[in-house]
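These notes concern the structure reproduced below.
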Amino acid sequence: MTGFELNGRKLVCGVMGDPVEHSVSPAMHNAAFRKLGLNYVYLPFRVSRDRLASAVEGIRALHMAGMNITIPHKVSIIPLLDEVDPLAQRIGAVNVVHNKDGRLTGGNTDAEGFLRLLKEQGIETHSLHAVVLGAGGASRAVCFALASLGSDITILNRTLQKARDCAEDMAKYTGRTFAALELNPDNLTKSLARADLLVNATSLGMAPHAGESPVNGKLLERRHIVVDIVYNPVVTRLLRDAEKAGARIIGGLNMLAWQGALSFEIWTGCRAPVDVMRRAAVQAMKRYAK
Ligand code: NAP
């Protein structure tokens with residue numbers, strides 16, 4: 001059976017978010033289904049906030065196999081599911097849903113995706129001082145992952161209260177201490193002076209605002225490792241500035257491929273062809289950039 005024959009037994013997966021028209025996930029997952037000859041298809045679904053409950057009911061009604069969840073629904077979907085696994089509960093955000101006989105379980109593959117990204121780059125974080133920018137769903141996944149590796153972490157966010165809430169929750173679940181500060185030039189200067197690892201988990205710098213960066217490039221130094229989990233563009237303004245400063249840079253596209261691969265494995269039970277997914281994501285990004 002070819003992966004893309006449209007037939008009545010096709011199992012449907014997809015991504016729900018708003019917007020989704022530039023998502024590279026359909027290209028990534030369909031390439032993987034094709035590679036393994038699986039009878040699945042993956043589609044983008046634009047779902048506005050006020051229709052999320054109907055859309056989630058649609059996963060059940062239409063017997064879809066699973067769904068990735070993206071901005072702005074990663075938190076608001078939680079009460080609409082039958083079950084949320086312990087990791088996603090602790091992170092407080094769901095990016096993958098599995099439908100098993102009409103019962104929907106939410107999970108989170110962003111944290112493990114981030115860990116795989118560090119691992120494939122050979123980064124040992126045990127003794128690192130990490131600065132994480134942002135306190136949304138992605139930041140919470142990154143903080144969780146870094147804490148599990150023993151890093152000490154300072155969270156900086158535009159809205160201070162969200163940084164504090166994130167730090168408090170993460171401390172409760174990981175048993176480590178986190179500092180929480182407002183994202184401003186003074187706090188960035190102080191935090192980066194003692195940091196080895198900087199992770200941007202805000203949406204700043206994401207297309208169509210690709211010229212923006214959360215950090216003044218002058219604060220970046222050769223000894224910093226700079227990870228930007230924003231993957232569109234592939235090389236963000238922050239990464240360009242960091243490269244100029246001689247820092248080691250890591251983009252978010254491989255984390256995207258890993259979180260996608262882990263979702264794929266939840267739905268299909270098959271080992272994901274990560275390299276195929278990565279290449280398909282890069283090709284799709286190039287097409288969108290034209
Ligand atoms: P989110 O929950 O909406 O959080 C957005 C974060 O960005 C918040 O901390 C927000 O601060 C901050 N922010 C937004 N605009 C800002 C601005 N103008 N100045 C300063 N801070 C600003 O989104 P998310 O799900 O965490 O996603 C964040 C980014 O990570 C997105 O670009 C997403 O595409 C990317 N991501 C990548 C991967 C991957 O696999 N590579 C996975 C997940 C997410 P406030 O709290 O003050 O609003």
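Here are the numbers:
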item	result
Among residues of the stretch 148-166, those that are open to solvent by less than 10 Å² (accessible area, probe 1.4 Å) and more than 20 Å from Asn216 (Cβ to Cβ), counted	3
Helices (runs of 4 or more DSSP H) fully within the stretch 216-290 counting 2 or more residues that are over 20 Å from Tyr42 (Cβ atoms)	237-244
Search result, residues across the stretch 232-272 that are closer than 30 Å to Met64 by Cα and free of Cβ contacts under 8 Å to residues at least 12 places away in the same chain	Glu265, Gly269, Arg271
Residue list for the stretch 210-236, filter: of a type outside the set (A, V, I, L, M) and either away from the ligand (no atom under 13 Å from the Cβ) or surrounded by fewer than 18 Cβ atoms within 10 Å (Cβ to Cβ) (or both)	Gly211, Glu212, Asn216, Gly217, Lys218, Glu221, Arg222, Arg223, His224
Matching residues, the stretch 11-50, being loosely packed, with under 15 Cβ neighbours inside 10 Å and either touching a His at 6+ places or on another chain (Cβ under 8 Å) or in a helix (DSSP H, G or I) (or both)	Arg49, Asp50
Only one of Ala257, Ala245 that is out of contact with any strand residue (DSSP E or B) (no Cβ under 7 Å at 6 or more places or on another chain) and surrounded by 20 or more Cβ atoms within 10 Å (Cβ to Cβ)	Ala257
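The values are calculated or read from the model by the stated rules, or taken from the named source; none is laboratory data. Just so we're clear, the structure is a prediction, and the values are computed from it rather than from any experiment. No Cβ is skipped: glycine too gets one built from the backbone with ideal geometry, and neighbour counts run over all protein chains shown. Ligands, DNA and RNA are stripped out before the accessible areas are found, and what is left, the full protein with its side chains, is counted by its heavy atoms. Shrake-Rupley method; radii C 1.70, N 1.55, O 1.52, S 1.80 Å.
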